[in-house]
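Take a look at the following structure, please.
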Amino acid sequence: MVPLSFPLQFVLVAFAGWVNQQQREVIDYLQEENRALREQLGPRRLRFTDDQRRRLAAKAKILGRRVLRDITTIVTPDTLLAWHRRLIARQYDGSPRRRPGRPPAMAEIRALLVRMATENRDWGYTRIQGALANLDHQVGRSTIANVLRAHGLDPAPERVKKITWTEFLKTHWDVLAAADFFTVDVWTGHRLTRFAVLFIIELSTRRVEIAGITSEPDAAWMSQVSRNVTDADDGFLAGKRFLIHDRDPLFTAAFRETLASAGVETVRLPPRSPNLNAYAERFVRSIKESCLDRLILVGEGSLRRAIREFVAHYHHERNHHGRGNQLLFPVSAEMRGHAPISCWPRLGGLLKYYHRPAA
């Protein structure tokens, strides 16, 4: 190694001193600038972003605590170094990926739990646990209880006490019928007369029976109707156990007593609850929109004929969405293939039925 000459050493030392002096002057200027900024801010506290904290912490770690203490800074050395430690710890923090306790039940199992508890109101936690085990799902009783509680389902003893309207309908479907009234204005003489029409619908098949038509419905008329529909030979309610109806005052106590003596229990709906008698309400809408609202009826005879024709069309010629878009009671088998198509009109073509007649 060749030793440096004295003049060169002197030049290097002088240059280093000049550089050091320059750095010191820069530091003095930045310190004075910081003081001026702090005087402008006053007692207010600065709010740093995470990016600013990272940059300051990285620079502070290089300088160290002793140097930072000698410099007048906006942030204290302890705060800067604390930010640095927090930055390092965050790289190894796995808490966002951790979940407390056991993993939650899968969505499929939760849905199955709710379905079992809803469709079987008397099943307790252990019974549901066993049913799930039959499907290769191992679920604890506490998990079952938590899932049902989260969906607002009570334990089995409480669920059994709360039979829903849907469950009542499904349980008694084949022995259940519904009754309702609708009114029609008919020209009689020189004035409009309002007729009341009482009908009964069999919920399982949607079969409809017109129980009576009158312009002056009263208790005596209702008593006669009740005897007709409960006749042992051809009464529409023969074999039925329940009749749903609203709180119309025409459904008198004598009417209900006659039905009860024939083994038919009446179920009175809450006030203003048409949705609970939806099948009957839907029939009223169908007969009015498709038939009665499109006719000018003159005399009681025309009303009876229009209703008779629509009920026949409703039973044998009208497709029903609620029954798979099929006919309720097809009259006879029809020809398939290329047989000619016939149209069967009712009420002057107001109601039409297109079909291929059997040979």
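Local charge sum around Val311 (other residues, Cβ-Cβ under 14 Å, Lys/Arg +1, Asp/Glu -1)? Please list the in-between numbers first.
Values: positive: Arg206, Arg207, Lys288, Arg304, Arg305, Arg308, Arg318, Arg346; negative: Glu202, Glu209, Glu309, Glu317.
Here the charged neighbours net out to +4.
Taking amide hydrogens as modeled 1.01 Å from N in the peptide plane, which residues meet the under 5 Å criterion relative to Ala211, leaving out close sequence neighbours?
Distant-sequence amide H within range of Ala211: Leu198, Phe199, Ile200.
What do you get when you divide the Cα radius of gyration of the stretch 252-359 by 2.2 N^0.38 Å, with N the number of residues? Please report the intermediate quantities before stating the final value.
Numbers: Rg = 18.3 Å, N = 108, 2.2 N^0.38 = 13.0 Å.
After normalising by residue count via 2.2 N^0.38 Å, the value is 1.41.
Subtracting the Cα-Cα distance from 0.36 nm times the residue separation, let me have the gained length for Val267 to Asp122 in nm, one decimal. List each step's numbers first, then the result.
Numbers: separation 145, 0.36 × 145 = 52.20 nm, distance 2.40 nm.
Full-extension gain reported as 49.8 nm.
For Asp51 and Leu192 in one chain, what is 0.36 nm times their gap in residues minus the Cα-Cα distance, to one decimal in nm?
Details: separation 141, 0.36 × 141 = 50.76 nm, distance 8.44 nm.
Contour length minus the Cα-Cα distance gives 42.3 nm.
Another question, if that's okay. Can you give me the relative contact order of the stretch 107-162 as a percent, contacts being Cα pairs under 8 Å and 6 or more apart? Show your work: numbers first, answer last.
Details: 44 pairs, mean separation 22.5, N = 56.
Worked out over the stretch 107-162, it gives 40 percent.
Placing +1 at every Lys and Arg Cβ and -1 at every Asp and Glu Cβ, with all other atoms neutral, what dipole size does the stretch 205-359 have around its Cα centre, in debye to the nearest 20?
On the way: 22 positive and 17 negative charges, 134 e Å.
In total the dipole reaches around 640 debye.
Let me know the shape class of the stretch 173-326, please: from the alpha-carbon gyration tensor, a ≥ b ≥ c as square roots of the eigenvalues, rounded when a/c is under 1.5, otherwise prolate if a/b is greater than b/c, or oblate. Present the calculation step by step, with values, prior to reporting the outcome.
Working: a/c = 1.68, a/b = 1.19, b/c = 1.41.
Since a/c reaches 1.5 but b/c is at least a/b, the shape of the stretch 173-326 is classed as oblate.
Just so you know, all these numbers are worked out from the coordinates, no wet-lab data involved. Computed from a predicted structure; not experimentally measured. Every residue, glycine as well, gets a Cβ built from its backbone with ideal geometry; the counts of neighbours run over all protein chains shown.
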